[in-house]
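Shown next, in structure tokens, is the structure this report addresses.
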Amino acid sequence: MRIVDAQPDDVAKLLAFREEAARWLTTLGSDQWQRPYPAERLLATIEAGTVFMVMDGSTTAATITLTPEAEDGLWSESELAEPSMFINKLTVSRSYAGRDVGGRLLDWAGARAHAAGAVWLRLDAWTANEGLQQYYLRHGFRHVRTVTGGGAVNGGPRVSGWLAQRPAVPSDHGFTDATASPVL
């Protein structure tokens, strides 16, 4: 399998990929990703060079967004002063579930972050999705804190405020990396 930079013509494919994940999450009783993701927002992240796809031949097996920008209001000023990269929207096709594609993709993200000069690989996960939180803990992340206020619609609780991090280190993820050089 190889990792490639997503291209603008991948928007429809990636939106459908996210919808597949949302349907699966619903079967688990989670409300995560139930609102459609705006195509123009996805296109902007693709054009920024922060969206990547794991390809198995011509099939998209997984996707991840890896960016040097944190979502507003989650990390402290002192944390933001530490060189970091942030994971968003890690999604593995259901047909590739159970093969550790996601774990290997996390390792790739950590290696890419390290190559860019980051000290930390960080993420914010769905606050109510304990299964997802346990997944990240099993993959070497340490829970930092849960942010529950601010930033949400109508002043309600933040839905993606479970913060975790792990050191950004080189790894043997096993993918062929066909992406552009990382930038922090």
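In the set ARG138, ARG145, only one residue is basic (Lys, Arg) and either touching a Lys or Arg at 6+ places or on another chain (Cβ under 9 Å) or at pLDDT below 95 (or both); that residue is ARG145. Considering ALA180, ALA115, the condition of being modelled with pLDDT of 85 or more, hydrophobic (A, V, I, L, M, F, W, C), within 23 Å of ALA61 (Cβ to Cβ) and out of contact with any strand residue (DSSP E or B) (no Cβ under 8 Å at 6 or more places or on another chain) is satisfied by ALA115 alone.
Taken together, VAL92, VAL147, VAL169 contain a single residue that is crowded, with 19+ Cβ neighbours inside 10 Å, in contact with a helix residue (DSSP H, G or I) (Cβ under 8 Å, 6 or more places away or on another chain), among the β-branched types (Val, Ile, Thr) and over 18 Å from THR45 (Cβ atoms), which is VAL92.
Out of everything in segment 66-81 that is of a type outside the set (Asp, Glu) and free of Cβ contacts under 8 Å to residues at least 40 places away in the same chain, what residue ends up being surrounded by the most Cβ atoms within 10 Å (Cβ to Cβ)?
Within segment 66-81, the match that is surrounded by the most Cβ atoms within 10 Å (Cβ to Cβ) is THR67.
A single entry from ALA81, ALA62, ALA97, ALA70 fulfils the requirement of being over 28 Å from VAL147 (Cα atoms) and of a type in the set (A, V, I, L, M): ALA97.
The values are calculated or read from the model by the stated rules, or taken from the named source; none is laboratory data. Every value quoted in this text rests on a predicted model; they were computed, and no experiment measured them. Every residue, glycine among them, receives a Cβ derived from its backbone with ideal geometry; neighbour counts consider all protein chains shown.
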